[in-house]
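J.: One structure, as C-alpha cells, below. Some questions next.
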Amino acid sequence: MANEVKERLVAGLNDDLALELAGIVRSVYQASTAGGLLGHELRELLQKELPVELQHAQFLADKIAILGGTPTVSIAEVPLPVDVGKMIDEDIATEWKIVSRLRERASQAESFGDIGLKIRLEEMIAEGTDHANALQRLVGLTQ
C-alpha cells in the first residue's frame, strides 16, 4: 500500500515536472517573440519568473530521484501563440492548472508522510498563485 502511494506520488511529480519544463520553454519562446508594449511587460515578468520556474523543475527532479524514480526529460505540450493576449491567457490557465496539480500533490505528500515535501509544494503553490495574479494584472491593464 505504501509503495503504491509512493508510486502515484512519483508519477504525479513527474507529470508536474513535465509541466514545469514546458513552462520554461514557453517562457523563453514568449520572451523572445512577444511584441508591443504589452509584450514588453510580459517579457519583463517572464524573465523575472524564469529562475523560479527552473528552481521548481530542479526541486521536482531531485525529489523524484530521492524517492527512487527517474525524473522525466519530456515536456508537456507547449502552445506557440503569436498574439500576446493569447500568450497571457495560456500562461494564466497553465499557472492555475499547475497550482491545482500541486495542491493534489501536497495532499499525496501528506498521505505519504513527507511533510517537508508537502510544505515545499505549498510554497510552490504560493509562488504559482503570485505568478498567475501578476499575469492577470497585465491583462487588467489592457481592458
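J.: Residues L50, L46, L9: which one is under 11 Å from the mean Cα position of the chain (by Cα) and not polar (S, T, N, Q)?
T.: Values: L46 fails: under 11 Å from the mean Cα position of the chain (by Cα); L9 fails: under 11 Å from the mean Cα position of the chain (by Cα).
Answer to the selection: L50.
J.: Could you check the stretch 76-112 and list, in sequence order, the residues that are within 21 Å of N133 (Cβ to Cβ) and open to solvent by 80 Å² or more (accessible area, probe 1.4 Å)?
T.: K86, D89, W96, K97, R103, E104
J.: Here's another thing I want to ask about it. Out of all the residues in the stretch 98-110, is one or more modelled with pLDDT under 95, assigned to a helix (DSSP H, G or I) and small (G, A, S)?
T.: For the stretch 98-110, residues modelled with pLDDT under 95, assigned to a helix (DSSP H, G or I) and small (G, A, S): absent.
J.: Can you find a residue that is surrounded by fewer than 17 Cβ atoms within 10 Å (Cβ to Cβ), hydroxyl-bearing (S, T, Y), farther than 24 Å from A109 by Cα and out of contact with any Pro (no Cβ under 6 Å at 6 or more places or on another chain) anywhere in the stretch 53-75?
T.: No, the stretch 53-75 contains no residue that is surrounded by fewer than 17 Cβ atoms within 10 Å (Cβ to Cβ), hydroxyl-bearing (S, T, Y), farther than 24 Å from A109 by Cα and out of contact with any Pro (no Cβ under 6 Å at 6 or more places or on another chain).
J.: If you don't mind, another one. Restricting the stretch 23-42 to residues that are closer than 19 Å to P79 by Cβ and open to solvent by 60 Å² or more (accessible area, probe 1.4 Å), which is nearest to the chain's Cα centre (by Cα)?
T.: My answer is V25.
J.: A further question follows. Condition check: in contact with an Asp or Glu (Cβ under 6 Å, 6 or more places away or on another chain), in a loop (DSSP other than H, G, I, E, B) and without any contact (Cβ under 8 Å) to a residue 60 or more places away in the chain. Does P71 satisfy that?
T.: no
The values are calculated or read from the model by the stated rules, or taken from the named source; none is laboratory data. Quick caveat: nothing in here was measured; it's all calculated off a predicted structure. Backbone-built Cβ (ideal geometry, glycine too); neighbour counts: all protein chains shown. Heavy atoms of the whole protein, side chains included, go into the accessibility calculation; ligands, DNA and RNA do not. Shrake-Rupley method; radii C 1.70, N 1.55, O 1.52, S 1.80 Å.
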